[in-house]
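S.K.: Okay, here's the structure, questions in a sec.
The values are calculated or read from the model by the stated rules, or taken from the named source; none is laboratory data. Computed from a predicted model, the values in this text were never measured in an experiment. Cβ atoms come from the backbone with ideal geometry, glycine included; neighbour counts cover every protein chain shown. Ligands, DNA and RNA are stripped out before the accessible areas are found, and what is left, the full protein with its side chains, is counted by its heavy atoms. Shrake-Rupley method; radii C 1.70, N 1.55, O 1.52, S 1.80 Å.
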Amino acid sequence: MPSGSYDPDTVEPAWQDRWVDHGTYAYDAVDDPDLSFSIDTPPPTVSGDLHWGHVYGATLQDFVARFERMANGGVFFPFGYDDNGIASERLTEDELDIEHADFERHEFQRKCREVCADYEADFTEKMQSLGVSIDWGHTYQTIEPRVQRISQRSFIDLYEQGREYRRRAPTIWCPDCATAISQVETEDDERGSHFHDIAFEVVGSDESFTISTTRPELLPACVSVFVHPEDEENQHLVGESARVPLFGQEVPTIADERVDMETGSGVVMCCTFGDQTDIEWYQAHDLPLRIAIDETGTMTEQAGDYAGMPSDEAGEAIVADLDETGALLDKRAITHTVNVHERCATPVEFLVTEQWYVEILDKKEEYLQAGREMDWYPEKMFTRYRHWIEGLEWDWCISRQRSSGIPFPVWYCDDCDEPVLADKADLPVDPLSDDPPVGSCPECGHEEFTPEDDVFDTWATSSLTPLINAGWAEGKDDPASDAMARPELYPMDMRPQGHDIISFWLFHTVVKCYEHTGEPPFDSVMINGMVLDENREKMSKSKGNIVAPDSVLAEYPVDAARYWAAGSSVGDDLPYKEKGIVAGERLLQKLWNASKLVDELAPAESVPDERPDLAALDEWLLARLDEEIERAAEHLEDRAFSKYRDSLRSFFWHTFCDDYLEIAKGRIRETDDPSARYTLRTAHERFLKLFAPVLAHVTEELWHEMYADADPVGATVEAGTDDATAADGGAAGIVDSVHTTDWPEPLGLDADIAAGERALEVVGALRKYKSERDLALNAGLGRVQVYGDVADYVDDIARAMHVDELELLEEAPAVETVVTGIDLDYSVVGPEFGGDVPDIEAAIEGGEYVLEDEGDDAVLLAGEFELTAEMFDVERERRYDGEGDLLETDGAVVIVG
RNA sequence: GGGGCCGUGGUCUAGUGGUCAUGACGCUUCCCUUACAAGGAAGAGGUCGGUGGUUCAAAUCCGCCCGGCCCCA
């Protein structure tokens, strides 16, 4: 039985250990998809820190997992570590103070895995200490061989489907990371720079014009000059040729509305490539390529005298030479927006390189439709997905020039460049160390091959998590088969996702899985917001406003933090609030203390197995609880965590503890009442189950203290006995858990809810009477008369309010009632009388009305209008001249004294 | 620059057409009542960002403005 005060420091870790040790949340395979609920958890990047985003996201997922487990059955709640991307590569470099380029790929990957292994173990421990009901028997790393095989298999399948191509094309390139990156990995940043005004000659004339550029080193790459079609001043240049200073190439002048007339002279040079507009122009006007800067940031032969110089030095040299020849007209400082790599803040280059792409632009409508077929929580987040797809301009570049990652399973013929893909049976492969599957090129018969040394974009793999979880193409018998080992899991029932990465992670996952299976990978998507600081600002290192979860959880129970996390509407950002966590802690204590009282008043052996005849109030409480059970389930199904939490807390705290428990306490102590005992214990066990999804630890402990056969951990620890011995109370090592019990079914009692409410109104009126007179709540009241239908509650009311003599009046007390006004029911009156409503209101206001008959036959004549009974209520004030004080409630009249 | 979300007592928040606007925290007063004073009871506190419109009726729908945040350029 629960005793003393709740000790989460002992109880929470003990249950976390036991849940993991006994596989409480292990997924048991079932054939019927309806009996399982699968969650496709996005694997977090392995980087060491556990931040609030992890805590918040994982906790919300856990609310769903725990509820679905109770309500439906088997829940598949896996966990993954994303350790094959640039983030883990950088982590390894920083941790060991090395550069990936200094090592052979396998060597670096080995180091990478060693570093990540420590972080993963640390992360596992932290996730387990959050009490999240993950099945730790189903975890994966995105670098592990099984995942590598699936990822390479995905590449081969999409290639065979004609969804992938290799092309020499403009690519976004990070010079610092020395790799291609995708559009989504860039962001805009304001940077200081210089505008150089440079004179260009018009070929065959004496005229010249000025262009302004921040990138003089791109002059050798200049392929054309652009003028806005509405730029009258410069319109005469269109159709002419211009000569680029220093380099001498003649380039056409073309009109295009993408020119920003406000910047510089209005005439712009187009190079290979200065920015994204240059690429658009290159494509739109079929311009030639002049590649002046290579992948290492060095000037090419195209740059003539400047070849071999780093591009920034070349820029300075070119400016000096322009100045010398008189072509440099002006140089001035400006700030402008540049595209930078989000991970290292280096301005990106736009290079022409050979990369692999997944074709997506041709199927935008299908991916949009796939998104429409999923249920979005909240619905509005679908808009973000839609806008992202509608704005897509590039196919998906999946090549990365990194060491750590999953290799492309491809070799190229040295003679004809034909790609040769690995055999599906051989996966995973590394072309750098493995031989191609053929001895000679199937196209030309040549026998020498060059391995592809690029690796996949991290999203190319992390977009496969539904397939990884469902065991896609594991190919135990047939390596070419794409059958799933756990087909009942797919499509996954729910995908949780932060709203900031809908556009790439979720989108890419839909694309990949849709192409492999022909259907959307998820039935539903649950979007979570960001955790903000106490002032609703994003937590960031530079602002110094980060609150570490570790330090908070050292001070407060995990359940209290879970309570805080449940205080949000799905999709909304949630500010970190210490007060919110304190409120959770108070609820834990309230639940613990109430449980102690319930166990004292209604110990298990004192409660009848069969339901006894219930007192009216007991029946009322259980019927109200039925309503709460349904409400809680509806809210959880809608992922409306905050409503679920607040509604349940309020009903438990106020209705159960403040109202019912106080009354039942008195009744049991005075009359040894089996009805109240049964009700207390029944309701209490139900409350534990209703709270279980959010207050995972305290409900488990209490349920074991009071309802399960096995010993509770708290008692075990106090007794100093071995944990495992206590746990063996369950058969075959299986420990009962409140989390694997069924969600409570409504009892379906036929209670008069209104009568119960009326009785509590009387209690409320008497409390108020005492409070207003500064009386203690347990102060005695001599005589109270009640007029109203509360006959079944007289004893309960009298005992709770310490009334010596409570008399039920047969007739209304001698009160004089005065009509003080008319309350219109506008939902009826409005549609009926429309624009005449103000006249009716004026008539009532001015007292120009007549009230005829009573009750359902009442008629109100207001001015020239006749209103029937359902259109209004009559406001009355009672005046009581008799002995004692008159208290009024909606359904009863109470006289004290 | 384009798109989206949001603005409700001091703070946070419920509330997508029906007239005394929900709750929590904080505040005031009272009560140590044998589960809990980290508790209980009662109260004070809001022209629902501003403005114009639609409607018999607007926190709610529409326009504009102000402020904040997010995504994208």
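S.K.: Would you call residue A:636 at pLDDT 95 or above and open to solvent by less than 10 Å² (accessible area, probe 1.4 Å)? Steps first, please.
M.R.: Numbers: at pLDDT 95 or above: no; open to solvent by less than 10 Å² (accessible area, probe 1.4 Å): yes.
Against the criterion (at pLDDT 95 or above and open to solvent by less than 10 Å² (accessible area, probe 1.4 Å)), residue A:636 does not qualify.
S.K.: Within the stretch A:458-496, count every residue that is of a type in the set (A, V, I, L, M), open to solvent by 20 Å² or more (accessible area, probe 1.4 Å) and in contact with a helix residue (DSSP H, G or I) (Cβ under 9 Å, 6 or more places away or on another chain). Full working, then the answer.
M.R.: We begin by selecting, within the stretch A:458-496, every residue of a type in the set (A, V, I, L, M); these are A:460, A:464, A:467-468, A:470, A:473, A:480, A:483-485, A:489, A:492, A:494.
Those left that are additionally open to solvent by 20 Å² or more (accessible area, probe 1.4 Å): A:480, A:483-485.
Pick out the ones that are also in contact with a helix residue (DSSP H, G or I) (Cβ under 9 Å, 6 or more places away or on another chain) and you get A:480, A:484.
The qualifying residues number 2.
S.K.: Something else now. Of everything in the stretch A:588-607, what is more than 9 Å from RNA strand B (Cβ to nearest atom) and in contact with a helix residue (DSSP H, G or I) (Cβ under 8 Å, 6 or more places away or on another chain)? Give them in sequence order. I'd like the intermediate steps shown before the answer.
M.R.: Start the filter on the stretch A:588-607 by keeping residues that are more than 9 Å from RNA strand B (Cβ to nearest atom), which leaves A:599, A:602-607.
Residues satisfying the conditions are A:599, A:602, A:604, A:606, A:607.
S.K.: Looking only at the stretch A:735-757, filter to residues that are of a type in the set (A, V, I, L, M, F, W, C) and not in a loop (DSSP other than H, G, I, E, B); which one of those is surrounded by the fewest Cβ atoms within 10 Å (Cβ to Cβ)?
M.R.: From the stretch A:735-757, those of a type in the set (A, V, I, L, M, F, W, C) are A:735, A:738, A:743, A:747, A:749, A:751, A:753-755; that's our starting set.
Next, from what is left, pick out any that are not in a loop (DSSP other than H, G, I, E, B): A:738, A:753-755.
On the way: A:738: 21, A:753: 13, A:754: 11, A:755: 20.
Restricting to residues being of a type in the set (A, V, I, L, M, F, W, C) and not in a loop (DSSP other than H, G, I, E, B), the top hit is A:754.
S.K.: Quick one: residue A:149 ticks every box in (1) out of contact with any Pro (no Cβ under 7 Å at 6 or more places or on another chain); (2) farther than 24 Å from residue A:496 by Cβ; (3) crowded, with 18+ Cβ neighbours inside 10 Å except a single one, so which number is it?
M.R.: That leaves (1) as the condition not met.
S.K.: Next up: Say whether the condition of being in contact (Cβ under 8 Å) with a residue 60 or more places away in the chain, within 19 Å of residue A:170 (Cβ to Cβ) and of a type in the set (A, V, I, L, M, F, W, C) is met by at least one residue in the stretch A:246-258. Give the derivation first.
M.R.: As a first pass, look at the stretch A:246-258 and keep what is in contact (Cβ under 8 Å) with a residue 60 or more places away in the chain: A:246.
If we keep only those that are within 19 Å of residue A:170 (Cβ to Cβ) as well, we get none.
The answer is no, given that none of the residues of the stretch A:246-258 is in contact (Cβ under 8 Å) with a residue 60 or more places away in the chain, within 19 Å of residue A:170 (Cβ to Cβ) and of a type in the set (A, V, I, L, M, F, W, C).
S.K.: Further question on the same structure: Say we look at the stretch A:760-780 and pick out the residues that are in a loop (DSSP other than H, G, I, E, B) and either crowded, with 18+ Cβ neighbours inside 10 Å or among the charged types (D, E, K, R) (or both); which of these is nearest to RNA strand B (Cβ to nearest atom)?
M.R.: Filtering the stretch A:760-780 down to residues in a loop (DSSP other than H, G, I, E, B) leaves A:773-780.
Okay, now just the ones that are also either crowded, with 18+ Cβ neighbours inside 10 Å or among the charged types (D, E, K, R) (or both), so A:773-774.
Details: A:773: 8, A:774: 4 Å.
Filtering first and then ranking leaves A:774.
S.K.: Based on this model, can you work out whether residue A:127 counts as among the aliphatic types (A, V, I, L, M), within 21 Å of the chain's Cα centre (by Cα) and part of a helix (DSSP H, G or I)?
M.R.: On the way: among the aliphatic types (A, V, I, L, M): yes; within 21 Å of the chain's Cα centre (by Cα): yes; part of a helix (DSSP H, G or I): yes.
Yes; evaluated as a whole, the condition is true for this residue.
S.K.: A further question follows. Residue check: is residue A:561 open to solvent by less than 50 Å² (accessible area, probe 1.4 Å), modelled with pLDDT of 85 or more and within 9 Å of RNA strand B (Cβ to nearest atom)?
M.R.: Numbers: open to solvent by less than 50 Å² (accessible area, probe 1.4 Å): yes; modelled with pLDDT of 85 or more: yes; within 9 Å of RNA strand B (Cβ to nearest atom): no.
No.
S.K.: Do the conditions hold for residue A:823, that is, is it within 13 Å of RNA strand B (Cβ to nearest atom) and either open to solvent by 30 Å² or more (accessible area, probe 1.4 Å) or in a helix (DSSP H, G or I) (or both)? Outline the logic, then answer.
M.R.: Values: within 13 Å of RNA strand B (Cβ to nearest atom): yes; either open to solvent by 30 Å² or more (accessible area, probe 1.4 Å) or in a helix (DSSP H, G or I) (or both): yes.
So residue A:823 fits the description; yes.
S.K.: Scan the stretch A:516-551 for residues that are more than 20 Å from residue A:498 (Cβ to Cβ) and either at pLDDT 90 or above or within 17 Å of the chain's Cα centre (by Cα) (or both) and jot them down.
M.R.: Result: A:516, A:517, A:518, A:519.
S.K.: Can you find a residue in the stretch A:261-269 that is in contact with a strand residue (DSSP E or B) (Cβ under 8 Å, 6 or more places away or on another chain), surrounded by 20 or more Cβ atoms within 10 Å (Cβ to Cβ) and within 21 Å of residue A:353 (Cβ to Cβ)?
M.R.: Among the residues of the stretch A:261-269, not one is in contact with a strand residue (DSSP E or B) (Cβ under 8 Å, 6 or more places away or on another chain), surrounded by 20 or more Cβ atoms within 10 Å (Cβ to Cβ) and within 21 Å of residue A:353 (Cβ to Cβ), which makes the answer no.
S.K.: Where in the stretch A:444-535 are the strands (runs of 3 or more DSSP E), entirely inside, with at least 1 residues that are within 16 Å of RNA strand B (Cβ to nearest atom)?
M.R.: On the way: elements: A:449-451, A:492-498, A:522-528.
Because the criterion is at least 1 residues that are within 16 Å of RNA strand B (Cβ to nearest atom), the strands (runs of 3 or more DSSP E) in the stretch A:444-535 that meet it are A:492-498, A:522-528.
S.K.: Which residue is nearest to RNA strand B (Cβ to nearest atom), if the candidates are limited to the stretch A:573-582 and must be among the hydrophobic types (A, V, I, L, M, F, W, C) and within 23 Å of the chain's Cα centre (by Cα)? It would help to see each step written out before you state the result.
M.R.: Here is the first cut: in the stretch A:573-582, the ones among the hydrophobic types (A, V, I, L, M, F, W, C) are A:574, A:581-582.
Subset that is within 23 Å of the chain's Cα centre (by Cα): A:574, A:581.
On the way: A:574: 8, A:581: 11 Å.
Only one residue tops the list, namely A:574.
S.K.: Can you name the condition, by its number, that residue A:570 falls short on among (1) open to solvent by less than 40 Å² (accessible area, probe 1.4 Å); (2) among the β-branched types (Val, Ile, Thr); (3) more than 11 Å from RNA strand B (Cβ to nearest atom); (4) not in a helix (DSSP H, G or I)?
M.R.: (3)
S.K.: Find all pairs meeting these conditions: Cβ atoms under 7 angstrom apart; at least six residues apart or on different chains; first residue within the stretch A:546-571 and within 20 Å of residue A:646 (Cα to Cα); second residue of a type outside the set (Ser, Thr, Tyr) and surrounded by fewer than 15 Cβ atoms within 10 Å (Cβ to Cβ).
M.R.: A:564/A:577
S.K.: Mind checking which residues of the stretch A:205-222 are under 16 Å from residue A:282 (Cα atoms) and under 47 Å from the mean Cα position of the chain (by Cα)?
M.R.: Hits for the stretch A:205-222 are A:218, A:221, A:222.
S.K.: For residue A:620, are the conditions met, namely being more than 14 Å from RNA strand B (Cβ to nearest atom) and not in a loop (DSSP other than H, G, I, E, B)?
M.R.: Numbers: more than 14 Å from RNA strand B (Cβ to nearest atom): yes; not in a loop (DSSP other than H, G, I, E, B): yes.
So residue A:620 fits the description; yes.
S.K.: Given (1) over 33 Å from the mean Cα position of the chain (by Cα); (2) open to solvent by 10 Å² or more (accessible area, probe 1.4 Å); (3) within 15 Å of RNA strand B (Cβ to nearest atom), identify the lone condition not met by residue A:614.
M.R.: For residue A:614, the failing item is (3).
S.K.: Could you tell me which residue of the stretch A:378-435 is nearest to residue A:637 (Cα to Cα), considering only residues that are within 16 Å of RNA strand B (Cβ to nearest atom) and β-branched (Val, Ile, Thr)? Give the derivation first.
M.R.: Taking the stretch A:378-435 first, the residues within 16 Å of RNA strand B (Cβ to nearest atom) are A:378-397.
From the residues that got through so far, the ones that are β-branched (Val, Ile, Thr) too are A:383, A:389.
Working: A:383: 22, A:389: 29 Å.
The residue in question is A:383.
S.K.: So residue A:673 fits all but one of (1) over 20 Å from residue A:559 (Cα atoms); (2) near RNA strand B (Cβ under 9 Å from one of its atoms); (3) of a type in the set (Asp, Glu); what number is the exception?
M.R.: Condition not satisfied by residue A:673: (2).
Results for (1) touching a His at 6+ places or on another chain (Cβ under 7 Å); (2) more than 16 Å from RNA strand B (Cβ to nearest atom); (3) in a helix (DSSP H, G or I), shown as yes or no for each residue.
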site	(1), (2), (3)
A:797	no, no, yes
A:818	no, yes, no
A:829	no, no, yes
A:832	no, no, yes
A:835	no, no, yes
A:887	no, no, no
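S.K.: Any chance you could count how many residues in the stretch A:295-325 are among the acidic types (Asp, Glu), without any contact (Cβ under 8 Å) to a residue 40 or more places away in the chain and farther than 22 Å from residue A:347 by Cβ?
M.R.: Within the stretch A:295-325, the first condition is being among the acidic types (Asp, Glu), and the residues that meet it are A:295, A:301, A:305, A:312-313, A:316, A:321, A:323-324.
Still in the running and without any contact (Cβ under 8 Å) to a residue 40 or more places away in the chain: A:301, A:305, A:313, A:316, A:323-324.
Next, only the ones that are farther than 22 Å from residue A:347 by Cβ stay: A:301, A:305, A:323-324.
Residues meeting the conditions: 4.
S.K.: Further question: Which one is modelled with the highest pLDDT, of the residues in the stretch A:166-201 that are aliphatic (A, V, I, L, M), part of a strand (DSSP E or B) and within 16 Å of RNA strand B (Cβ to nearest atom)? Quick ask: steps written out before the conclusion?
M.R.: Kept after step one, since they are aliphatic (A, V, I, L, M), are these residues of the stretch A:166-201: A:169, A:172, A:178, A:180-181, A:184, A:198-199.
Those left that are additionally part of a strand (DSSP E or B): A:169, A:172, A:180-181, A:198-199.
Now restrict to residues that are within 16 Å of RNA strand B (Cβ to nearest atom): A:172, A:180-181.
On the way: A:172: 84, A:180: 80, A:181: 79.
Restricting to residues being aliphatic (A, V, I, L, M), part of a strand (DSSP E or B) and within 16 Å of RNA strand B (Cβ to nearest atom), the top hit is A:172.
S.K.: Tell me whether the stretch A:846-856 contains one or more residues that are part of a helix (DSSP H, G or I) and at pLDDT below 85. Reasoning before the result, please.
M.R.: Taking the stretch A:846-856 first, the residues part of a helix (DSSP H, G or I) are A:855-856.
With the extra rule that they be at pLDDT below 85, the set shrinks to A:855-856.
Yes, some residue in the stretch A:846-856 is part of a helix (DSSP H, G or I) and at pLDDT below 85.
S.K.: Another question about this same structure. Got a sec? Which of A:244, A:227 is surrounded by 15 or more Cβ atoms within 10 Å (Cβ to Cβ) and in contact with a Ser or Thr (Cβ under 7 Å, 6 or more places away or on another chain)? Walk me through how you get there before you give the answer.
M.R.: Working: A:244 fails: in contact with a Ser or Thr (Cβ under 7 Å, 6 or more places away or on another chain).
Only one candidate passes the filter, namely A:227.
Listed here are the residues, each with its yes/no results for (1) within 12 Å of RNA strand B (Cβ to nearest atom); (2) more than 19 Å from residue A:753 (Cα to Cα); (3) over 33 Å from the mean Cα position of the chain (by Cα).
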{"site": "A:639", "(1), (2), (3)": "no, yes, no"}
{"site": "A:642", "(1), (2), (3)": "yes, yes, no"}
{"site": "A:646", "(1), (2), (3)": "yes, yes, no"}
{"site": "A:659", "(1), (2), (3)": "yes, no, yes"}
{"site": "A:677", "(1), (2), (3)": "no, yes, yes"}
{"site": "A:680", "(1), (2), (3)": "yes, no, yes"}
